[in-house]
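Visitor: I have a structure here, written as structure tokens, and I will follow up with some questions on it.
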Amino acid sequence: DQQVKQNSPSLSVQEGRISILNCDYTNSMFDYFLWYKKYPAEGPTFLISISSIKDKNEDGRFTVFLNKSAKHLSLHIVPSQPGDSAVYFCAASQMIYNQGGKLIFGQGTELSVKP
Amino acid sequence: EAGVTQSPTHLIKTRGQQATLRCSPISGHTSVYWYQQALGLGLQFLLWYDEGEERNRGNFPPRFSGRQFPNYSSELNVNALELEDSALYLCASSWNSPLHFGNGTRLTVT
């Protein structure tokens with residue numbers, strides 16, 4: 001049962017343009033969502049998060065949008081840079097019931113930004 | 001500040017053997033999480049330790065076990081290794097923060 005899904009395994013974007021990475025979830029109890037970036041031979045690094053009480057969170061070139069009714073979130077990167085080329089994972093958690101930071105991850109989307 | 005460190009970086013074992021993977025969290029972090037990333041799959045939650053206690057485990061058989069020591073470092077043990085246990089094992093730590101991951105241990109079972 002894949003509770004968090006990233007349906008696009010890969011995405012290719014031109015430098016300077018917008019990258020949009022999508023993520024869907026099925027568990028309506030999730031109330032905290034995160035995006036991680038992973039380079040080869042490294043662990044994932046935290047990028048940006050959003051709580052279910054918000055529908056948008058922005059940090060520099062990165063913006064995460066949350067549509068609770070559609071159970072969908074997206075990560076926008078504007079403008080995209082070649083250094084953004086990496087695998088992006090979305091993750092979700094349920095902070096109640098002492099779940100702590102247990103995260104459910106999607107399968108990842110490999111972003112390639114071409115100069 | 002030192003990040004999460006994992007050892008060894010690579011581990012090769014044969015089927016039926018046992019593997020032990022180690023993790024040192026960021027200083028001040030009391031929670032340690034273990035995740036498995038098999039080829040082509042996302043990160044699958046394995047175990048969560050906090051203050052020395054196992055708080056939660058994912059959908060993995062009992063031959064996956066671990067512990068957390070008084071200094072908050074952690075060990076993951078995989079008994080009776082199977083070929084499908086070949087994966088990248090990631091450790092993460094946190095304290096009231098998003099998870100910070102180490103670079104992982106690549107386990108290969110032959």
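Visitor: Which one of these does residue A:30 not meet: (1) open to solvent by 40 Å² or more (accessible area, probe 1.4 Å); (2) outside any strand (DSSP E or B); (3) among the hydrophobic types (A, V, I, L, M, F, W, C)?
Guide: Every listed condition holds for residue A:30 apart from (1).
Visitor: Separate question: Can we say residue B:21 is aliphatic (A, V, I, L, M), more than 13 Å from chain A (Cβ to nearest Cβ), open to solvent by less than 30 Å² (accessible area, probe 1.4 Å) and part of a strand (DSSP E or B)?
Guide: yes
Visitor: OK, next. Is there a residue being among the polar types (S, T, N, Q), under 26 Å from residue A:90 (Cα atoms) and either in contact (Cβ under 8 Å) with a residue 40 or more places away in the chain or not in a strand (DSSP E or B) (or both) anywhere in region B:69-79? Break it down into steps so the answer makes sense when it comes.
Guide: Step one: list which residues in region B:69-79 are among the polar types (S, T, N, Q), which gives B:71, B:73-74, B:77, B:79.
Add one more test, that the residue is under 26 Å from residue A:90 (Cα atoms), and what stays is B:74.
With either in contact (Cβ under 8 Å) with a residue 40 or more places away in the chain or not in a strand (DSSP E or B) (or both) added as a condition, the list becomes B:74.
The answer is yes, given that some residue of region B:69-79 is among the polar types (S, T, N, Q), under 26 Å from residue A:90 (Cα atoms) and either in contact (Cβ under 8 Å) with a residue 40 or more places away in the chain or not in a strand (DSSP E or B) (or both).
Visitor: Next question, about the same structure. Identify the single condition in (1) surrounded by 13 or more Cβ atoms within 10 Å (Cβ to Cβ); (2) more than 13 Å from residue B:23 (Cα to Cα) that residue B:66 does not satisfy, given that it satisfies every other one.
Guide: So the condition that residue B:66 fails would be (2).
This table checks each residue for (1) more than 25 Å from residue A:90 (Cα to Cα); (2) assigned to a loop (DSSP other than H, G, I, E, B).
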position: B:28; (1), (2): yes, yes
position: B:35; (1), (2): no, no
position: B:40; (1), (2): no, yes
position: B:44; (1), (2): no, no
position: B:47; (1), (2): no, no
position: B:62; (1), (2): yes, yes
position: B:65; (1), (2): yes, no
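Visitor: In addition: Output the residue which, of all residues in region A:47-64 that are under 22 Å from residue A:2 (Cβ atoms) and either within 11 Å of another protein chain (Cβ to nearest Cβ) or not polar (S, T, N, Q) (or both), is surrounded by the fewest Cβ atoms within 10 Å (Cβ to Cβ).
Guide: The selected residue is A:49.
Visitor: If you check every pair at least six apart or on different chains, which have Cβ atoms under 8 Å apart with a residue in region A:45-74 that is within 12 Å of residue A:33 (Cβ to Cβ) and touching a residue at least 40 places away in the same chain (Cβ under 8 Å) first and a residue that is open to solvent by less than 60 Å² (accessible area, probe 1.4 Å) and of a type in the set (Val, Ile, Thr) second?
Guide: A:73/A:50; A:73/A:64; A:74/A:64
Visitor: How many residues are closer than 28 Å to residue A:110 by Cα, without any contact (Cβ under 8 Å) to a residue 60 or more places away in the chain and more than 9 Å from every other protein chain (Cβ to nearest Cβ) if we restrict to region B:24-49?
Guide: Counting residues in region B:24-49 that are closer than 28 Å to residue A:110 by Cα, without any contact (Cβ under 8 Å) to a residue 60 or more places away in the chain and more than 9 Å from every other protein chain (Cβ to nearest Cβ) gives 6.
Visitor: Does region B:33-40 contain at least one residue that is more than 15 Å from the chain's Cα centre (by Cα), open to solvent by less than 50 Å² (accessible area, probe 1.4 Å) and at pLDDT 90 or above? Spell out how you get there, then give the answer.
Guide: Within region B:33-40, the subset more than 15 Å from the chain's Cα centre (by Cα) is B:39-40.
From the residues that got through so far, the ones that are open to solvent by less than 50 Å² (accessible area, probe 1.4 Å) too are none.
Scanning region B:33-40, I find no residue that is more than 15 Å from the chain's Cα centre (by Cα), open to solvent by less than 50 Å² (accessible area, probe 1.4 Å) and at pLDDT 90 or above, so the answer is no.
The values are calculated or read from the model by the stated rules, or taken from the named source; none is laboratory data. These numbers were taken from a predicted model, which means no experiment stands behind them. Note that we place each Cβ from the backbone using ideal geometry, even for glycine, and neighbour counts take in every protein chain shown. To get the accessible areas, we keep the full protein, side chains included, count just its heavy atoms, and leave off ligands, DNA and RNA. Shrake-Rupley method; radii C 1.70, N 1.55, O 1.52, S 1.80 Å.
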